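Only the coordinates and a few stated rules stand behind these numbers; no lab work does. Everything numeric here is computed off the predicted structure, so don't read it as measured data. Cβ atoms come from the backbone with ideal geometry, glycine included; neighbour counts cover every protein chain shown.
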Amino acid sequence: MKGLIFNIKRYSIHDGPGIRVTFFLKGCPLSCMWCHNPEGISPHPSEITEKRKIGDREFVRKKISGSYYTACDLLEIAGREKIFMEQSGGGVTFSGGEPLMQPAFLAEALRAFRSAGYHSAVDTAGYCRKKDLESIIEFTDLFLFDLKHPDSKMHRHFTGAGNRLILENLEMLVQSGSRIHLRIPVIPGVNENTETMTLMRDYIKSIAGSGVELISLLPYHRTGSSKYGKLGMEYRMEDCKPPRRERLEEIREMFMETGIDVNIGG
Ligand code: SF4
């Protein structure tokens, strides 16, 4: 079996504990306005068009984002960095896109990494079939679970889908006793206001079990904005500015009331 992957990041330090290799699987059922990996949304290989002007001449280069790999290929790639992972308490992370859009491949890869003695994390937005999520619990050491907006209508407006399925899946994971790090993008004009963050905090308080170990506040940034034009997509967050450090600290204080550790930046 092969999985479609659009990026492999070595020496990653923001996708779970320690030094990690992160595999970005293609395909996502959401379309968040701020997505900084828009090339990961389509479940198919995507064409990227790069234009460069030298003098009066414009040069156009096309490339394809997305290549097929087997679980054995991924083991071989991660194996090159295994010593760094072991020494730092790291491992591998499956991200995306939404890795649960390729559930059979993800399960096969997680099983292979478990057999080879790796720590494995899955970075998910939670908008997936419950049975697919259940099928990987046994082989996943840590879930990095995104929470974007507590109000379903607003969630639909900003991401293209309501949040009911996501919250049900999160609650199922909490009840399963899985280790979970919650990740909250902090985005002015979307969810950074006090009312929304209070609702989010109170929701977390109401569901959190001992498996929820960390809340990471991920400040909005514009890193992926230049990719949109190259994919023939429109970037809808032109007017959004990253949140101020003091505001992030205020939100951090709010979330500390849950009794869970809170960090800024993942
Ligand atoms: S869930 Fe993540 S990958 Fe999917 S559209 Fe939103 S930000 Fe992008």
(request) Excluding residues on the same chain fewer than 8 positions from residue 241, give the lysines whose Cα lies under 21 Å from its Cα. (result) 148, 227
(message) Need the C-alpha centroid separation for the stretch 14-84 versus the stretch 201-216, integer Å.
(response) 31 Å
(message) Can you give the FRET efficiency to the nearest 0.05 for residue 62 and residue 234, using r as the Cβ-Cβ distance and R₀ = 22 Å?
(response) 0.65
(request) Could you tell me which of 218, 37, 117 has its Cα farthest along the dipole of the chain towards the positive end, charges placed at Cβ (Lys, Arg +1; Asp, Glu -1), taken about the Cα centre? (result) 37
(message) Could you tell me the calculated FRET efficiency between residue 54 and residue 221, based on Cβ-Cβ distance and R0 = 25 angstrom, to the nearest 0.05?
(response) 0.25
(message) Please check: in the Gaussian network model of the chain (C-alpha springs, under 10 Å), which one of 247, 183, 20 has the largest mean-square fluctuation.
(response) 247
(message) At a 10 Å Cβ-Cβ cut-off, how would you order 153, 9, fewest neighbours first?
(response) 153, 9
(request) Calculate the all-directions average of the projected area of the stretch 8-108's alpha-carbon convex hull, and give it in nm². (result) 8.5 nm²
(request) From zero up to wherever the largest Cα-Cα distance of the stretch 3-264 sits, split into 5 Å bins and tell me the percent of pairs in each. (result) 1, 6, 12, 16, 18, 18, 13, 8, 4, 2, 1, 0, 0
(request) Would you please state which residues of the stretch 108-141 a label at residue 172 would reach in this model, taking the label point 7 Å out along Cα→Cβ and a backbone N cut-off of under 20 Å? (result) 108-111, 121-141
(request) Give me the number: length gained by fully extending residue 152 to residue 253, i.e. 0.36 nm times residue separation minus the C-alpha to C-alpha distance, one decimal in nm. (result) 33.9 nm
(message) Could you list 8, 64 so that the one with the fewest beta carbons within 10 Å of its beta carbon is first and the one with the most is last?
(response) 64, 8
(message) Using the basic label-point model (7 angstrom from Cα toward the beta carbon), what is the residue 115 to residue 135 distance in nanometres?
(response) 1.7 nm
(request) Would you mind computing, in nm to one decimal, how far apart the modelled labels at residue 241 and residue 88 are, each placed 7 Å from Cα along Cα→Cβ? (result) 3.3 nm
(request) Quick one: order 92, 60, 262 by neighbouring beta-carbon count within 10 Å, fewest to most. (result) 60, 262, 92
(message) What's the whole-number percent of alpha carbon pairs in the stretch 125-213 lying beyond 20 angstrom?
(response) 32 percent
